[in-house]
Amino acid sequence: MRVLVVLLAALLSLAAPALAEEMVIVVLPVNNQSVEAAAAQARLGLSPQGTVLTDERTSRIIVKDYPANIEQVKALLKRTDVAMPMVSLAVDYGMSDSSNGGTFGVTPQGVVVLNGSSATSARGEMKVVTMSGSEAVLAVGEQVPIPVAQFFFGQAAELGLIPVGVVFQDVTTGFGVVPRVVGADEIVLQVYPRVAYRSAQGDGVIRFMQSASTVRARNGQTVVLATPSRDDRGLSRQIFATGRWSSSSEGSIRVTPTVMR
């Protein structure tokens, strides 16, 4: 019995420092990803009592937990917060409509087109640089007229992508492109319709991932990333500024991705 008491006392003495351990607060820098992504990774190392806050302004996360858990969080970030390759995207996009009758839309410069002739087009070129795995924004139409913008509102509402009660005040249409470097000479490109809006209820971004398409390309290779079709609910067609579908409408997004060494 005496031996058991001695062993129990020894165990309690070993556990005492752990029981008395206090939580600490550390501020950790985030260098190569969003603070939201870093916070999500940090939560994997937290205790049930641990918390993490984000500071987007300074690109830091604020972690409160026991020292052992803090060390786990630091180890996680060391493995995940690493520099990713930068990718340059040379983009040529546009759509033409040779149907009879009038068409309307928005040019890449944001100008309304209202034309009764038999052929109209909206084309543009741009070059953007983004990190592998991050979104690049290809803005096509700015200050989109409300009658055109209502189409996107209807699609977003039907898919549950927009809060109830939002009323568009200003709309920018385009595409989101996410390049991912997957090998020494290969890049996976994902493209999807993207609408950014301002409203009295707050600003927001609608990403129509249901209409996303993906293609693989070699470094420096030009690929056709997307073409408007009936399958994408008419989103690309509207973004490309054509007022209605016709069998003679043609459109595409041609992208040349280049990994910046």
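Listing for the model above:
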{"read-out": "Largest-first principal axis extents, alpha carbons of the range 125-185, Å", "value": "46, 26, 13"}
{"read-out": "Estimated distance in nm for a label pair at Ser59 and Val167, the labels positioned 7 Å out from Cα along Cα-to-Cβ", "value": "4.0 nm"}
{"read-out": "Nitroxide proxy distance, nm - points 7 Å out along Cα→Cβ at Glu21 and Gln190", "value": "3.7 nm"}
{"read-out": "FRET efficiency, Ala68 to Met209 (Cβ-Cβ, R0 45 Å, nearest 0.05)", "value": "0.70"}
{"read-out": "Projected-area average for the range 169-217 over all orientations - Cα convex hull basis, square nanometres", "value": "4.0 nm²"}
{"read-out": "FRET efficiency estimate (nearest 0.05) - Cβ-Cβ, Leu159 to Thr80, R0 41 angstrom", "value": "0.85"}
{"read-out": "Rough spin-label spacing in nm, given labels placed 7 Å along Cα→Cβ, for Ser88 and Gln143", "value": "3.2 nm"}
{"read-out": "Accessible area (Å², per residue) of the range 19-75, counting only protein heavy atoms and a probe of 1.4 Å", "value": "61 Å²"}
{"read-out": "Accessible carbon and sulfur surface of the range 117-221 relative to its total accessible area, %, 1.4 Å", "value": "48 percent"}
{"read-out": "Accessible surface, the range 148-199, averaged per residue in Å² (probe 1.4 Å)", "value": "40 Å²"}
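The values are calculated or read from the model by the stated rules, or taken from the named source; none is laboratory data. Predicted model, so just to flag it, every value in this text is computed and none were measured. No Cβ is skipped: glycine too gets one built from the backbone with ideal geometry, and neighbour counts run over all protein chains shown. SASA here: full protein model, heavy atoms, side chains in, ligands and nucleic acids out. Shrake-Rupley method; radii C 1.70, N 1.55, O 1.52, S 1.80 Å.
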